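Chemist: I'd like to ask you about the structure that follows.
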Amino acid sequence: KELAARVGAAARRGTRSQESRRGEELEIEELRLDPRNVQAYVDGASAELTPTEFRLIYALALEEGRVLTRDELLQRVWGRRASHRDRTVDVFVRKLREKIDGPASRNTFIQTRYGVGYKLEATPK
């Protein structure tokens, strides 16, 4: 019973920590995200993201280093659950990679975990 209470408290603290970061500007190496103006900058230059693309990269940045499933991303960014063949997240990740890393880049901030989802890495590989 005590273990369950401790786990629940730790989970709430983690949620509060993420919630408290929501709305603040984030910097991850040369990537800067400004949620107040819905702007992303790479090396100081605007990445020209759509509002949905920005919400997606911001959701990943808030959980930097943690894999988020497609379902989690659909819920956080679009406010809905995935259908069996929903490729919405995959399409938007491809568009984000083109805008942030360039169309021919092999290095990307957004890493794919095959069969699981995506995560934002501080240091592209």
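The values are calculated or read from the model by the stated rules, or taken from the named source; none is laboratory data. Note that this is a predicted model, so its numbers are computed, not measured. Note: ideal-geometry Cβ built from the backbone for every residue, glycine included; neighbour counts use all protein chains shown.
Chemist: Restricting the stretch 8-50 to residues that are of a type in the set (Lys, Arg) and closer than 18 Å to Leu120 by Cα, which is modelled with the lowest pLDDT? First the steps, then the outcome.
Modeler: Applying the first criterion (of a type in the set (Lys, Arg)) to the stretch 8-50 yields 12-13, 16, 21-22, 32, 36.
Now narrow it down to the ones that are closer than 18 Å to Leu120 by Cα: 21-22, 32.
Working: Arg21: 56, Arg22: 64, Arg32: 93.
Only one residue fits best here, namely Arg21.
Chemist: Still on this structure, please answer the following. Give the residues of the stretch 42-55 that are surrounded by 16 or more Cβ atoms within 10 Å (Cβ to Cβ) and of a type outside the set (A, V, I, L, M), sorted by residue number.
Modeler: Across the stretch 42-55, the qualifying residues are Glu53, Phe54, Arg55.
Chemist: Taking the stretch 64-83 as the search range and keeping residues that are in contact with a Leu (Cβ under 8 Å, 6 or more places away or on another chain) and surrounded by fewer than 17 Cβ atoms within 10 Å (Cβ to Cβ), which one is farthest from Arg113 (Cα to Cα)?
Modeler: So the residue we want is Arg80.
Chemist: Can we say Asp90 is surrounded by 15 or more Cβ atoms within 10 Å (Cβ to Cβ), within 15 Å of the chain's Cα centre (by Cα), at pLDDT 90 or above and among the acidic types (Asp, Glu)?
Modeler: no
Chemist: Here's something else I'd like to know. Residue under question is Tyr58, and the condition is that it be within 20 Å of Val38 (Cα to Cα), among the hydroxyl-bearing types (Ser, Thr, Tyr), surrounded by 19 or more Cβ atoms within 10 Å (Cβ to Cβ) and modelled with pLDDT of 85 or more; does it hold?
Modeler: Numbers: within 20 Å of Val38 (Cα to Cα): yes; among the hydroxyl-bearing types (Ser, Thr, Tyr): yes; surrounded by 19 or more Cβ atoms within 10 Å (Cβ to Cβ): yes; modelled with pLDDT of 85 or more: yes.
Yes, satisfied.
Chemist: Could you name every one of the strands (runs of 3 or more DSSP E) located completely within the stretch 20-81 that has at least 1 residues being under 17 Å from Asp101 (Cβ atoms) and among the small types (Gly, Ala, Ser)?
Modeler: Of the strands (runs of 3 or more DSSP E) lying wholly inside the stretch 20-81, those with at least 1 residues that are under 17 Å from Asp101 (Cβ atoms) and among the small types (Gly, Ala, Ser) span 39-42.
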